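**Student:** Below is one structure. I have some questions about it.
Taken together, the values in this text are just the output of simple stated rules run on the coordinates, not laboratory data. Predicted model only: the values in this text are computed from it and were never measured. When we count neighbours, we look across all protein chains shown, and the Cβ atoms used for this are built from the backbone with ideal geometry, even at glycine.
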Amino acid sequence: MSRAKLSREHKRQLGQFLTPPFIARAIVERLCISPSERVLEPALGSGAFVFALLDALGEHLTPARLLRWVQTHLYGCEIDVQIMERFVAEWRARGLGVLPKNIVRGDFFRWLPPSCDQRAALNRHLYFRSPLAFFDLIIGNPPFGGSIDPLIQDELDQIFGTRNGMKIKKETYAFFLVKCLDMLKLGGRLCFICSDTVLTIPTMLGLRYLLQEQCEIEISRVPGQFEETTQNLVLITLVKHGRKASHIRVFGDRAKTKDVEVTPNLSWRVNGEYARYFEGQTLGDKFVASSGMTTGNNALFLRKIVNGLIAEPYEFSFAQEPITLAGEVERARLGKLSDAQRLTIREREQRGEMRRIVHWEQRQTPLAVPVPHADYRFYNKATSAVVYAAPEWVIFWRDQGAYVYTFKKTGKWYLHGVGGRPYFEKEGITWSLIAPRLYTRWLPPGYILDSGAPCAFLKPGVEHDELFFVMGWTLTDLCNRILKQVINHTRNIQSKDFERLPYPDWVPPRSKDDAIAFIKELVHKAMTGKRFNADHPSLQSLNEFYKYQPRRLRPVVAYTTASAQARLF
Ligand SMILES: C[S@@+](CC[C@H](N)C(=O)[O-])C[C@H]1O[C@@H](n2cnc3c(N)ncnc32)[C@H](O)[C@@H]1O
């Protein structure tokens with residue numbers, strides 16, 4: 001790997017994109033920091049925030065008092081040696097004297113204020129007994145998408161991975177936020193530049209709940225552009241009160257916490273207009289949605305259909321391979337196996353046990369196979385077509401998928417499962433995982449499902465026509481606005497996002513029947529060759545069928561951790 005590439009990879013692993021000093025200065029100015037405050041920058045970088053703080057305080061303190069403040073009130077941590085050297089060089093260049101003992105190079109996840117028992121750093125019990133409510137201000141730009149030391153990942157997950165009975169995603173910025181919240185005094189402030197995924201994405205639901213239960217929250221724009229990242233960023237400012245606030249401020253608007261709580265993902269992008277759609281059922285009440293599979297090697301198993309034929313380059317068979325401890329360690333998560341697992345595998349190795357693996361050989365000339373064929377199934381890959389798309393791919397599926405399942409089970413990865421398997425070959429609706437809006441289309445029975453195109457299936461007992469009614473709804477502009485504004489504003493549209501969409505129970509029965517007939521007609525037209533895209537006038541006319549009309553008042557279910565969990569898992 002080239003030096004530049006290595007350096008890029010190193011920065012990516014550390015989530016290292018430094019805040020331009022002018023942005024740090026603009027943020028610090030707004031905070032009006034007082035010299036009585038004890039301050040932490042948990043991921044210093046080259047010190048943009050620390051130096052902005054010192055400049056701001058330097059306007060009010062004599063140099064001698066500033067140096068005293070630095071030694072007694074300033075805390076910081078940075079994992080990367082090189083960037084720390086840059087920080088220290090700047091520190092010296094500014095004539096700030098010796099580095100305070102509270103500014104250290106190290107992993108923030110192993111770090112506690114020096115007054116704590118350092119041996120306690122990774123012990124859950126002692127962690128919570130240590131003086132965590134310690135800082136008046138925590139400021140910075142924690143790493144986003146960085147790697148967490150594999151040696152302590154599982155312990156960290158135990159410490160930070162659950163709050164209020166809800167999952168906190170194992171993601172560097174989420175764990176930084178949780179640890180920093182623990183370290184903040186009541187009345188203390190936290191101000192972080194942070195990925196905008198904090199606003200809506202379902203995997204951050206537990207984090208949003210934790211923060212809104214304890215803090216006053218303000219989300220604002222970052223005052224300036226970053227050159228080192230294209231990630232969308234926001235500035236999150238928290239004041240820890242230890243109780244729930246009635247509002248969250250988001251880009252100058254006030255979202256009522258009770259409106260946030262009515263959305264299944266606790267969306268911070270909701271407002272009064274959107275909250276009303278969530279007063280009834282969600283699509284998850286009628287559908288179960290699922291992701292599909294990854295084969296582990298698409299080139300090996302997937303074939304493109306061309307004029308009703310596929311070209312099969314391989315001859316497949318099964319072979320045997322010995323089970324060995326070395327092989328199993330290579331396949332294990334983080335290379336870790338328990339003592340009991342090691343023992344069992346060693347015994348199997350000693351007994352000379354074998355496992356079945358897939359063997360393939362290149363044919364001299366690819367075999368032309370007409371499809372449909374008993375050895376293949378249609379394969380549902382993502383496309384931007386809506387309503388219906390003729391099959392374009394098949395997957396080698398001899399013996400009910402035995403070759404693909406075996407390959408997945410014996411590959412050199414630790415996730416050996418096959419996503420979506422219970423739904424293979426069922427009728428449903430499907431869409432593209434990565435898309436600016438729902439490209440929904442009818443999925444006829446008989447398909448194997450790809451992870452790039454999640455699908456939804458009717459729950460038992462739900463009328464078949466709901467498939468078409470809901471498909472029509474998901475093609476409307478209103479549904480897509482709700483999806484992208486409230487449910488998940490990123491480009492990903494996961495199966496759970498679909499389940500969290502409101503069910504349009506405001507549509508009166510007559511319009512519902514008309515919508516179903518209309519959609520069935522569209523599917524018929526698409527199956528006989530007509531192509532639709534999301535802007536097609538026929539699809540635009542769907543908006544009328546699903547127009548919102550106030551429903552009769554129904555009781556709003558109080559938001560509890562239990563109800564949140566029930567929706568989440
Ligand atoms: C997004 S950068 C921001 C740096 C600095 N706060 C700024 O605003 O310029 C995140 C920093 O966190 C550091 N970092 C990553 N993981 C860390 C960890 N576990 N403990 C401490 N620092 C970490 C990276 O090396 C990087 O310097």
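**Student:** Under 22 Å between alpha carbons, and skipping anything fewer than 8 positions from LYS256 in its own chain: which lysines qualify?
**Tutor:** Straight-line reach from LYS256, under 22 Å: LYS240, LYS244, LYS484.
**Student:** Residue farthest toward the positive end of the dipole of the chain, with Cβ of Lys/Arg at +1 and Asp/Glu at -1: which of THR365, ALA515, ALA311?
**Tutor:** My answer, from the dipole projection, is ALA515.
**Student:** Report the local net charge at VAL104: Lys and Arg +1, Asp and Glu -1, summed over other residues whose C-beta lies under 12 Å from its C-beta. Could the numbers behind the result be given before it?
**Tutor:** On the way: positive: LYS101, ARG105, ARG110; negative: GLU41, GLU78, ASP107.
For residues surrounding VAL104, the net value is 0.
**Student:** Taking θ as phi - 60°, what are the ³J(HN,Hα) couplings along region 243-258 by the Karplus curve (6.51, -1.76, 1.60), each to the nearest whole Hz, with x for Gly and Pro?
**Tutor:** 3J(HN,Hα) across region 243-258, in whole Hz: 8, 6, 8, 7, 9, 10, 8, 10, 6, x, 8, 9, 9, 5, 4, 5.
**Student:** Starting from the Cα coordinates of the chain, work out the convex hull volume and express it per residue in Å³. Show your work: numbers first, answer last.
**Tutor:** On the way: hull volume 109.7 nm³, N = 569.
In the chain, the Cα convex hull volume per residue is 193 Å³.
**Student:** Quick check: from the Cα gyration tensor, does region 408-483 come out rounded (a/c under 1.5), prolate or oblate?
**Tutor:** Numbers: a/c = 2.87, a/b = 1.55, b/c = 1.85.
In terms of gyration-tensor shape, oblate.
**Student:** If you take the charge dipole of the chain about its Cα centre, with +1 on Lys and Arg Cβ and -1 on Asp and Glu Cβ, which of ILE217, THR410, PHE287 is farthest toward its positive end?
**Tutor:** ILE217
**Student:** Rounded to the nearest 20 debye, what is the charge dipole size of region 13-270 about its Cα centre when +1 sits on each Lys and Arg Cβ and -1 on each Asp and Glu Cβ?
**Tutor:** Numbers: 31 positive and 27 negative charges, 145 e Å.
My answer is approximately 700 debye.
**Student:** Taking Cα atoms, how many degrees apart are the long axis of helix 339-350 and the longest axis of the chain, rounded to 10 and kept between 0 and 90?
**Tutor:** Once rounded, one gets 50 degrees.
**Student:** How would you rank ILE487, ILE103, ILE357, going from fewest to most other Cβ atoms within 10 Å of each one's own Cβ?
**Tutor:** Working: ILE487 29, ILE103 21, ILE357 14.
So the residues, fewest neighbours to most, are ILE357, ILE103, ILE487.
**Student:** What is region 13-270's relative contact order, in percent, from Cα pairs under 8 angstrom and six or more apart in sequence?
**Tutor:** Details: 451 pairs, mean separation 44.2, N = 258.
Reported as a whole number, the value is 17 percent.
**Student:** So what J values fall out for region 193-204 if you push phi through Karplus, 6.51 cos²θ - 1.76 cosθ + 1.60 with θ = phi - 60°, rounded to Hz, Gly and Pro as x?
**Tutor:** Along region 193-204, the couplings run 7, 8, 4, 6, 5, 4, 6, 9, 5, x, 5, 9 Hz.
**Student:** Here is a further query. Quick check: the angle from helix 48-58's long axis to the longest principal axis of the chain, C-alpha only, nearest 10 degrees?
**Tutor:** Roughly 30 degrees between the two axes.
**Student:** A further question on this structure: Based on the mean of other beta carbon atoms within 10 Å per residue, what is the order of 17-25, 341-349, 418-426, 138-146, most packed first? Intermediate values should be presented prior to the final figure.
**Tutor:** Values: 17-25: 19.2, 341-349: 14.7, 418-426: 17.1, 138-146: 23.7.
Sorting 17-25, 341-349, 418-426, 138-146 by mean packing, highest first, produces 138-146, 17-25, 418-426, 341-349.
**Student:** So if we plug the beta-carbon distance of ARG254 and ARG481 into 1/(1 + (r/R0)^6) with R0 = 22 Å, what FRET efficiency do we get, rounded to 0.05? Working shown, then result.
**Tutor:** Details: r = 20 Å, r/R0 = 0.91.
With R0 = 22 Å, the Cβ-Cβ based efficiency is 0.65.
**Student:** Let me ask something else. Any chance you could list the semi-axes, whole Å, largest first, of the equivalent ellipsoid that the Cα gyration tensor gives for region 13-270, using √(5λ)? Intermediate values should be presented prior to the final figure.
**Tutor:** On the way: eigenvalues 156, 91, 64 Å².
Semi-axes (√(5λ), whole Å): 28, 21, 18.
**Student:** Determine, for SER451, SER541, the number of other Cβ atoms within 10 Å of each Cβ, and report the residues in order from fewest to most.
**Tutor:** SER541, SER451
**Student:** Evaluate the charge dipole of the chain about its Cα centre and quote only its size in Debye, nearest 20, assuming +1 on the Cβ of each Lys and Arg and -1 on the Cβ of each Asp and Glu.
**Tutor:** Dipole of the chain, to the nearest 20 debye: 540 debye.
**Student:** What does DSSP give for the chain in terms of the percent of beta bridges that are antiparallel, rounded to the nearest 5?
**Tutor:** Numbers: 50 of 71 bridges.
About 70 percent, rounded to the nearest 5.
**Student:** LEU199's amide H: which non-local residues (gap 5+, or another chain) put their own amide H closer than 5 Å, with H modeled 1.01 Å from N in plane and none for Pro or chain starts?
**Tutor:** Close amide H contacts, sequence-distant or interchain: none at all.
**Student:** With a/c under 1.5 counting as rounded, go ahead and sort region 258-361 into rounded, prolate or oblate using the C-alpha gyration tensor (a ≥ b ≥ c being the square roots of the eigenvalues; past the cut-off, prolate if a/b is larger than b/c, else oblate). Don't skip to the end; give the middle numbers.
**Tutor:** Numbers: a/c = 4.20, a/b = 1.63, b/c = 2.58.
Oblate shape, in that a/c is at least 1.5 and b/c is the bigger or equal ratio.
**Student:** Give LYS101/LYS336; LYS381/LYS525; LYS408/LYS496 a once-over and call out the pairs whose C-alpha atoms are over 27 Å from each other.
**Tutor:** Numbers: LYS101/LYS336 36 Å; LYS381/LYS525 21 Å; LYS408/LYS496 24 Å.
Too far apart for the 27 Å limit: LYS101/LYS336.
**Student:** Also, I was wondering about something else. Compare the peptides 511-518, 443-450 by average per-residue count of other Cβ atoms within 10 angstrom and give them in order, highest first.
**Tutor:** Working: 511-518: 17.4, 443-450: 21.0.
Listed from highest to lowest mean packing, they are 443-450, 511-518.
**Student:** With an 8 Å cut-off on Cα pairs and a minimum separation of 6 or more residues, tell me the relative contact order of the chain in percent.
**Tutor:** Details: 997 pairs, mean separation 66.7, N = 569.
Taking the mean separation of contacting Cα pairs over the length of the chain, I get 12 percent.
**Student:** A further question on this structure: Could you work out the relative contact order of region 405-561? I mean the mean sequence separation of Cα pairs under 8 Å and 6+ apart, divided by the number of residues, in percent. Write down the numbers at each step before the final one.
**Tutor:** Details: 171 pairs, mean separation 31.9, N = 157.
Across region 405-561, relative contact order equals 20 percent.
**Student:** Still on this structure: Shape call for region 6-56 from the C-alpha gyration tensor, a ≥ b ≥ c root eigenvalues: rounded (a/c under 1.5), prolate (a/b greater than b/c) or oblate?
**Tutor:** Numbers: a/c = 3.54, a/b = 2.20, b/c = 1.60.
Prolate shape, in that a/c is at least 1.5 and a/b is the bigger ratio.
**Student:** Same structure again: Give me the angle, in degrees from 0 to 90, between the Cα long axis of helix 509-527 and the longest principal axis of the Cα atoms of the chain, rounded to the nearest 10.
**Tutor:** 70 degrees
**Student:** Per-residue counts of other Cβ atoms within 10 Å, averaged by peptide: what ranking do you get for 313-325, 491-503, highest first? Intermediate results must be reported in sequence, preceding the final value.
**Tutor:** Values: 313-325: 13.5, 491-503: 21.8.
So the peptides 313-325, 491-503, ranked by packing, come out 491-503, 313-325.
**Student:** Skipping prolines and chain starts, which residues have an amide H placed within reach, meaning under 5 Å, of the one on GLY188, given they are 5 or more residues away or on another chain?
**Tutor:** Sorted by chain and number, the residues that satisfy this are LYS240.
**Student:** With Kirkwood's inverse mean 1/r over C-alpha pairs for Rh, give me the Rg to Rh ratio of region 422-561, two decimals please.
**Tutor:** On the way: Rg = 15.3 Å, Rh = 16.0 Å.
We get a ratio of 0.96 for region 422-561.
**Student:** Taking the Cβ of SER511 as the centre, find all other residues whose Cβ is under 11 Å away and add up their charges (Lys, Arg: +1; Asp, Glu: -1). Spell out each step's value before the answer.
**Tutor:** Details: positive: ARG510, LYS512, LYS547; negative: ASP513, ASP514, GLU544.
Net local charge, SER511 excluded: 0.
**Student:** Also: Within 13 Å, Cβ to Cβ, of SER147, how many net charges do the neighbouring residues add up to if Lys/Arg are +1 and Asp/Glu are -1?
**Tutor:** Values: positive: LYS11, ARG12, LYS170; negative: GLU9, ASP80, ASP107, ASP149, GLU171.
With Lys, Arg at +1 and Asp, Glu at -1, the net is -2.
**Student:** In nm, give the distance between the simple-model label positions of THR324 and HIS373, each being 7 Å from the Cα along the Cα-to-Cβ direction.
**Tutor:** 3.6 nm
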